[in-house]
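Derivation of every value follows stated rules applied to the coordinates shown; laboratory data play no part. Just so it is clear, the model here is predicted, and its values are computed rather than measured. Using ideal geometry, Cβ is built from the backbone for each residue, glycine included, and neighbour counts are taken over all protein chains shown.
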Amino acid sequence: MSLVPGNNTVVRIGPFKAKSTFSTPVTNLAGTMQVYLAKNQGVFILRQSSVIIIYDTDAWYLVPLSDDDLDTPGNLFLQVRDETVHTAVWHHFTVRGR
């Protein structure tokens, strides 16, 4: 999926499954989830957007990304990890220039 800065970008990420069962949907992460981004194979850093993450459906969430999150054209890897609650979720996007 290609992302372009300046478009009020929101990505859908998931599904989140319970670490204990690997199958039970996790639906209570909205507002507490920490999303990390790696731009062009750089180190993972916490996303910059201050807009709250909301639950969508079926263990998927809507994650707003700011222009600062999308300021580097190329590969963008997104990860959410909390080994005590859910399995790791990873997504790959391509950021295009304006």
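What you get for the chain, charging only the Cβ of Lys and Arg (+1) and of Asp and Glu (-1), is a dipole of about 160 debye around the Cα centre. Candidates Ile52, Thr87, Thr32 compared by Cα position along the dipole of the stretch 2-95: farthest toward the positive end lies Thr87, with charges placed on Cβ. For the peptides 59-66, 73-80, 26-33, residues were scored by their other Cβ atoms within 10 Å and the scores averaged per peptide; the highest-first order is 59-66, 73-80, 26-33.
Taking Lys and Arg as +1 and Asp and Glu as -1, the other residues whose beta-carbon sits under 9 Å from that of Val63 total +2. Summing Lys and Arg as +1 and Asp and Glu as -1 over all other residues whose Cβ lies under 13 Å from the Cβ of Pro73 gives a net charge of 0.
The Cα-based radius of gyration of the chain, divided by its Kirkwood radius, gives an Rg/Rh of 0.97. For Val11, nonlocal amide neighbours, meaning residues 5 or more places apart or on other chains whose placed amide H falls under 5 Å from its own, are Val63, Leu65.
Between Arg12 and Asp71, the distance separating the two model label sites (each 7 Å from Cα on the Cα→Cβ line) works out to 3.0 nm.
For Gln48, the residues 5 or more places off, or on other chains, whose built amide H falls under 5 Å of its own are Ser66, Asp69.
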